[in-house]
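The values are calculated or read from the model by the stated rules, or taken from the named source; none is laboratory data. Computed from a predicted model, the values in this text were never measured in an experiment. Cβ coordinates were reconstructed from backbone atoms using ideal geometry, including for glycine residues, and neighbour counts include every protein chain displayed. In case anyone asks, the SASA skips ligands and DNA or RNA and just uses the protein heavy atoms, side chains included. Shrake-Rupley method; radii C 1.70, N 1.55, O 1.52, S 1.80 Å.
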Amino acid sequence: SSILRCHSRLYGTAYVEGNLTLSQGSELAECEGRDLGTSGMTEESRRGGVLWVRHGGRARLLRSSVRDNSVFDLSATETSFAVASVDVGGSLEVFHSVFENNSITSVNQGASGAAAVYVHRGASLLAVGMQLGLACGAPLSRLPAIAADSAAPPAPLPAVGFSDGALLLPSTSLRPPPSVRLLALRARNAPGCERSADVLEGLILGAHVSPPTCGANPRTCSPLASCADEEAIVARPRTNLEYFAELFSGSHGVSDLTTPTCACLPPFTPATGAPETDLAAYLPEYGCTVPAFVDTISVLDDKSAAESPDFTPSPSSVPNIVLELTKTSRNENTSRSLLLHVGGTQEAALKWRVSSASVPRWLQVSPTSGVLSTVEERRAHFLTVSVGSAGMREELEPLLATLNVTVEVGGVRETVLLPIYTIIATTATAATSMWGLPGRDGRCVPRREAERSPLAVTVGQMREVEFTSCDFE
């Protein structure tokens with residue numbers, strides 16, 4: 001939506017007392033506010049503009065254009081009109097939008113208006129990526145593009161009337177100072193107008209407005225965002241003739257004005273939900289997030305505990321998972337349930353998969369893949385490992401299987417190696433134990449010749465006899 005070619009002889013052309021959003025190519029253009037504040041009898045009559053945000057209203061400009069608007073202030077002293085005026089209780093957000101070729105003309109030498117935005121006490125302006133195209137002409141020599149009330153309360157004005165016998169006094173002194181945040185501001189000459197950078201600098205900000213700097217305030221950008229002070233003036237290179245003319249005139253021709261530029265640099269990523277992705281680095285309610293990663297893996301001895309919301313494990317990076325089995329007169333099975341703990345603040349789906357090549361035949365893993373929504377949960381039961389003693393024999397060393405788990409989140413992939421140790425203890429039985437050695441498959445199957453041949457021994461001489469102790473299988 002756009003607001004085009006509107007004209008008013010009142011205090012404002014477009015009043016915003018609720019919520020207004022102009023976005024994605026919308027325009028506020030070719031509007032005119034003339035003869036504003038001619039009465040000047042009340043404080044409110046000495047302010048206004050083409051866009052007047054007042055009485056708690058909120059206006060947002062997102063990739064929009066405010067161009068070719070003009071304000072004519074023909075009122076008494078102590079006025080503060082502007083193309084966009086933000087009054088007490090109101091707020092204006094300007095995101096990646098252009099204010100170009102706007103002007104304000106005032107017959108009053110004491111006026112304190114602005115060619116783009118004026119912020120009153122008790123009001124706020126947040127501008128990120130605002131682009132100012134400053135028009136040519138004499139009016140801009142006095143009134144800046146962005147201005148605001150002073151931070152200090154003004155002296156009380158005379159009473160303006162009575163209400164039910166009570167004296168009415170202006171409430172200006174009771175209002176908090178204006179809040180003005182200018183980030184990634186860029187200013188340039190409007191087409192057809194050429195001025196040096198130092199001249200442009202004097203036309204941008206009023207006496208009570210100054211952009212923050214990265215060094216002065218560590219909270220200039222959102223949490224975890226990087227901050228860099230960059231030049232605010234975009235001016236064409238000077239010719240040699242202009243350079244020497246400025247040199248003799250005492251003008252240095254360059255500008256020292258900077259504004260902070262914020263960004264979520266790797267490995268940090270912008271939080272979701274901001275009006276646009278890059279704005280997360282500027283808006284503290286969003287900020288940058290730490291990429292999600294596998295923080296720890298913990299073991300649950302009781303599988304049902306994984307479902308309990310009150311369960312709080314004591315994770316320790318990647319644990320050594322030990323499965324112990326004992327074979328007596330029957331086989332035994334055991335398992336361990338594992339919890340995956342996700343670190344970081346990024347809200348993204350975490351996908352994981354166990355490489356089938358890393359799972360030996362005697363170990364069961366279920367499931368072998370899955371998805372964990374880190375938006376809803378930061379830990380979850382993600383797999384169970386189990387082993388049975390059937391067909392397994394006792395080993396001198398624990399059996400080791402290292403599961404290769406691939407985790408992918410936010411386009412970043414990492415590999416987690418998960419060691420699984422299996423210990424099998426057996427009880428020998430006489431019925432299955434035998435003379436001689438087992439076969440290649442490890443089973444205790446006596447060779448017939450060994451069973452039939454008698455064992456000949458000589459008194460006084462030692463002879464080694466092969467004997468195999470076997471479990472019930």
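Here is a yes/no grid of residues against (1) in contact with a Cys (Cβ under 9 Å, 6 or more places away or on another chain); (2) at pLDDT 55 or above; (3) part of a strand (DSSP E or B); (4) among the β-branched types (Val, Ile, Thr):
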{"residue": "ALA235", "(1), (2), (3), (4)": "no, yes, no, no"}
{"residue": "LEU241", "(1), (2), (3), (4)": "no, no, no, no"}
{"residue": "ALA245", "(1), (2), (3), (4)": "no, no, no, no"}
{"residue": "PHE248", "(1), (2), (3), (4)": "no, no, no, no"}
{"residue": "GLY253", "(1), (2), (3), (4)": "no, no, no, no"}
{"residue": "THR259", "(1), (2), (3), (4)": "no, yes, yes, yes"}
{"residue": "CYS262", "(1), (2), (3), (4)": "yes, yes, yes, no"}
{"residue": "PRO267", "(1), (2), (3), (4)": "no, yes, no, no"}
{"residue": "THR272", "(1), (2), (3), (4)": "no, yes, no, yes"}
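Can you pull out every residue in the stretch 125-164 that is of a type outside the set (A, V, I, L, M), at pLDDT 90 or above and either in contact with a Ser or Thr (Cβ under 6 Å, 6 or more places away or on another chain) or open to solvent by less than 40 Å² (accessible area, probe 1.4 Å) (or both)?
Listed by number, the list holds a single entry, GLY129.
Which of the residues spanning the stretch 274-298 are over 22 Å from LYS351 (Cβ atoms), within 10 Å of the chain's Cα centre (by Cα) and part of a loop (DSSP other than H, G, I, E, B)?
Once the filter is applied, which keeps residues that are over 22 Å from LYS351 (Cβ atoms), within 10 Å of the chain's Cα centre (by Cα) and part of a loop (DSSP other than H, G, I, E, B), the stretch 274-298 yields ALA274, TYR282, LEU283, PRO284, GLU285, TYR286, GLY287.
Among SER45, SER85, SER23, which is modelled with pLDDT under 90 and hydroxyl-bearing (Ser, Thr, Tyr)?
Every option except SER45 fails the conditions.
So in the stretch 196-232, with the set limited to residues that are crowded, with 20+ Cβ neighbours inside 10 Å and not aliphatic (A, V, I, L, M), which one is nearest to ALA280 (Cα to Cα)?
In this case the residue turns out to be SER222.
How many of the residues in the stretch 426-436 are surrounded by fewer than 14 Cβ atoms within 10 Å (Cβ to Cβ) and touching a strand residue (DSSP E or B) at 6+ places or on another chain (Cβ under 6 Å)?
Of the residues in that region, 0 qualify.
For the stretch 354-401, how many residues meet the condition of being in a strand (DSSP E or B) and of a type in the set (Gly, Ala, Ser)?
Matching residues across the stretch 354-401 total 8.
Considering ARG440, ARG393, which residue is free of Cβ contacts under 8 Å to residues at least 12 places away in the same chain and open to solvent by 40 Å² or more (accessible area, probe 1.4 Å)?
It is ARG440.
Determine if the stretch 96-110 includes at least one residue that is under 33 Å from the mean Cα position of the chain (by Cα), open to solvent by less than 10 Å² (accessible area, probe 1.4 Å), at pLDDT 90 or above and closer than 27 Å to ASP198 by Cβ.
Checked against the condition, which is being under 33 Å from the mean Cα position of the chain (by Cα), open to solvent by less than 10 Å² (accessible area, probe 1.4 Å), at pLDDT 90 or above and closer than 27 Å to ASP198 by Cβ, the stretch 96-110 yields at least one hit.
Looking only at the stretch 324-351, how many residues end up being modelled with pLDDT of 90 or more and open to solvent by less than 30 Å² (accessible area, probe 1.4 Å)?
The qualifying residues number 1.
Take the residues of the stretch 2-20 that are of a type in the set (A, V, I, L, M, F, W, C) and assigned to a strand (DSSP E or B): which is modelled with the lowest pLDDT?
Looking at the filtered set, the residue picked out is ALA14.
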